[in-house]
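Working notes, beginning with the structure itself.
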Amino acid sequence: MKKIIIILLFFIFSVQNANSLIKVDITRGNLDPLPIAVSPLHIDEKSEDLKGLKEQKLGEKISKIVERNFKSTGLFNPLKKDAFVQKPDIAHIKPRFEDWRLIKAQALVTGKILVKDKKLKVEFRLWDLTAAKEMIALSFTTTPTNWRRVAHIISDKIYERLTGETGYFDTRIIYVSETGPKDQRIKKLAIMDQDGHGTKYLTLGNELVLTPRFNPTNQLVTYMSYFKNMPRVYLLDIETGIQEVVGNFPGMTFAPRFSPDGKKIIMSFAKDGNSDIYSMDMETRKVERITEHSSIDTSPSYSPDGKYIAFNSDRSGLQQIYVMRSDGTQVKRVTFGKGLYGTPVWSPRGDLIAFTKVRKGRFYIGVMRSDGTGERLLTENYYQEAPSWSPNGRVLIFYRETKSDSKGKGFSAKLWSIDITGYNERMIKTETDASDPSWSSLLSK
Amino acid sequence: MKMKFNSALRNFVLVLFSTLLISACSTAKKAAVDTVDDVYTGTDTVEYLAKGVPDRVFFATNKSKLTTRSRDTLRKQATWLRKNKDVTVTLEGHADERGTREYNLALGERRANAAKDYLMTYGVSGKRITVISYGKEKPVNPASTPLAWSQNRRSVTVKTN
């Protein structure tokens with residue numbers, strides 16, 4: 001992978017006072033999505049020719065990605081372009097608000113593209129059509145091949161302006177790609193943009209790989225591999241492709257995750273039938289034992305401030321979720337509901353823990369406060385688990401498996417996402433079957 | 001004539017009744033053979049390390065306790081291993097597909113170790129035994145049925161040399 005690109009960002013005009021402007025409330029399920037018109041970005045006449053990139057189409061392509069991003073949130077309703085009433089270049093300078101209001105649009109996105117000196121300059125504006133005001137105007141300069149990311153960054157900026165929350169479109173998902181029959185699955189690490197585009201495979205499928213997770217800067221991935229039939233936690237540098245075993249454990253290590261500062265990997269180590277939680281300092285390689293209990297302790301996840309760890313344990317006899325201080329003291333059970341609880345994952349906001357619940361043969365993805373109160377089950381199915389948070393803490397991605405018949409046919413594994421409101425459940429398209437998704441943080445902050 | 005018809009009818013009813021009884025019996029019998037207290041007791045998936053030495057033991061959901069039958073199997077394995085001193089084995093622990101992936105990895109490890117401990121109690125050196133867990137990753141029966149799950153909750157002793 002190329003070096004992280006630098007995107008220059010300018011405020012063209014100061015953002016106007018927003019008090020009376022559109023605000024999209026995302027704290028509830030939105031049954032009335034905001035009608036928004038995304039005008040194709042127009043191409044500046046002074047643009048140079050671009051090898052391989054048809055910039056004439058680029059403006060339209062970018063606007064389509066923005067539309068798809070908006071639609072995927074369930075909060076916006078992008079309007080059909082054939083109803084648009086103004087040419088992109090004129091609309092970008094000064095939209096005729098009353099005309100756009102006629103097609104029932106409440107917000108309008110316009111933009112302009114200029115390719116000069118092998119750089120792509122993209123300018124866009126967001127207009128509140130009811131108030132007849134500009135809400136945001138920004139421009140970016142980047143290398144032309146990054147045009148998809150530009151579309152995602154535009155989406156993030158608009159989402160942020162309209163909802164008051166940071167976006168999650170300029171992000172990636174790492175997951176396990178699955179092919180082959182259920183009893184002979186071939187699994188590879190795969191990475192793609194949040195919208196399913198640009199899939200790359202990071203391992204060849206020669207050995208079983210599981211549970212990849214990003215570090216906070218999205219350059220490293222920790223995962224589990226059965227390389228040489230030794231199930232161990234590994235570290236992969238996405239840019240260089242270099243992989244290494246994490247720690248020197250005389251047995252299986254699994255369920256790895258980074259600490260929020262990226263300095264430690266926390267994981268389980270299984271020995272003599274007992275799994276406990278350990279951490280390893282990436283710099284000093286020092287290993288610290290965190291739990292010491294004869295039960296299974298696994299699936300650890302740090303709180304975003306690094307002070308606490310949530311994990312699941314069957315020390316009560318059944319799998320339940322516990323929270324402790326990150327040094328292993330003050331262990332407290334937090335789930336007491338009927339059924340089993342596993343895979344706790346702390347929200348990046350710190351307020352909620354997402355989890356998997358199993359009850360009466362059904363699987364649920366839910367959220368609760370970090371003390372275990374306020375449990376809300378978001379989705380129920382035959383089999384689903386392993387939630388991972390969008391960087392703004394509004395959406396969960398997880399995987400779902402279907403039931404198979406007596407010959408194992410009909411089995412599939414797919415990625416799904418759902419808002420923490422419980423609305424907007426969607427399947428995420430992947431090239432192959434997929435499981436164990438992990439959402440990156442925002443690539444450009 | 002009337003008498004004759006009656007006895008024919010009676011015979012028919014008798015035959016029908018006994019057929020029902022037999023089929024009811026056979027389904028009840030089959031279920032009883034396959035699992036006892038949630039633990040698989042059949043032989044469909046079982047292979048043999050040597051004649052009369054089954055290669056695997058089965059577990060109840062979320063459990064790693066050895067049943068009487070499992071201990072019997074493992075004693076046979078121990079006897080065989082003591083006779084064949086150059087053989088080394090890997091105990092492969094597995095879980096069914098109805099649990100979370102990471103917990104199942106731990107559970108498979110705990111099951112294989114339960115089998116290992118028992119073999120060691122019966123005189124097999126721990127140095128000859130390697131343990132590996134595959135969690136829910138390698139089902140022997142890919143169906144989504146209680147029977148398949150019971151066959152998949154297992155620890156399999158595999159010769160490594």
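The values are calculated or read from the model by the stated rules, or taken from the named source; none is laboratory data. Every value quoted in this text rests on a predicted model; they were computed, and no experiment measured them. Positions of Cβ are generated from backbone atoms using ideal geometry, with glycine treated the same way; all protein chains shown enter the neighbour counts.
Looking only at segment B:47-78, which residues are more than 14 Å from every other protein chain (Cβ to nearest Cβ), part of a loop (DSSP other than H, G, I, E, B) and crowded, with 16+ Cβ neighbours inside 10 Å? Within segment B:47-78, B:55, B:67 qualify. Checking each residue in segment B:103-137 for being in contact with a Phe, Trp or Tyr (Cβ under 9 Å, 6 or more places away or on another chain), among the charged types (D, E, K, R) and outside any helix (DSSP H, G or I) picks out only B:137.
Per the listing A:279, A:326, A:313, the residue uniquely in contact with a His (Cβ under 8 Å, 6 or more places away or on another chain) and either without any contact (Cβ under 8 Å) to a residue 12 or more places away in the chain or of a type in the set (Gly, Ala, Ser) (or both) is A:313.
Among the residues of this structure, residue B:44 counts as one that is at pLDDT below 95 and surrounded by 10 or more Cβ atoms within 10 Å (Cβ to Cβ).
Kindly evaluate residue A:421 against the criterion of being free of Cβ contacts under 8 Å to residues at least 12 places away in the same chain and under 17 Å from residue A:347 (Cα atoms). Judged against the criteria, residue A:421 is not a match. Flag set for residue A:284, criterion: outside any strand (DSSP E or B) and either more than 14 Å from every other protein chain (Cβ to nearest Cβ) or basic (Lys, Arg) (or both). Restricting attention to segment B:107-160, the residues that are small (Gly, Ala, Ser), closer than 19 Å to residue B:80 by Cα, more than 11 Å from every other protein chain (Cβ to nearest Cβ) and out of contact with any helix residue (DSSP H, G or I) (no Cβ under 6 Å at 6 or more places or on another chain) total 1.
Cβ separations smaller than 9 Å between residues 6+ apart or across chains give the following pairs from segment A:382-399 residues that are under 13 Å from residue A:357 (Cβ atoms) to residues that are assigned to a loop (DSSP other than H, G, I, E, B): A:383/A:402; A:383/A:403; A:383/B:97; A:383/B:98; A:383/B:144; A:385/B:99; A:385/B:100; A:386/B:100.
Note on segment A:105-216: enclosed strands (runs of 3 or more DSSP E) holding 2 or more residues that are surrounded by 22 or more Cβ atoms within 10 Å (Cβ to Cβ) and within 14 Å of another protein chain (Cβ to nearest Cβ) are A:172-179, A:209-214. Within segment B:88-104, can one find any residue that is touching a residue at least 12 places away in the same chain (Cβ under 8 Å), out of contact with any strand residue (DSSP E or B) (no Cβ under 7 Å at 6 or more places or on another chain) and more than 30 Å from residue A:178 (Cβ to Cβ)? Yes, segment B:88-104 has at least one match.
Looking at segment A:237-281, which of the residues that are in a strand (DSSP E or B) and among the small types (Gly, Ala, Ser) is surrounded by the fewest Cβ atoms within 10 Å (Cβ to Cβ)? Selected residue: A:279. Among the residues of segment B:79-86, not a single one is buried (at least 18 other Cβ atoms within 10 Å of the Cβ), at the interface with another protein chain (Cβ under 10 Å from one of its Cβ atoms) and at negative phi. Is it true that some residue in segment A:288-296 is surrounded by fewer than 16 Cβ atoms within 10 Å (Cβ to Cβ), on the phi > 0 side of the Ramachandran plot and at pLDDT 95 or above? Checked against the condition, which is being surrounded by fewer than 16 Cβ atoms within 10 Å (Cβ to Cβ), on the phi > 0 side of the Ramachandran plot and at pLDDT 95 or above, segment A:288-296 yields no hits at all.
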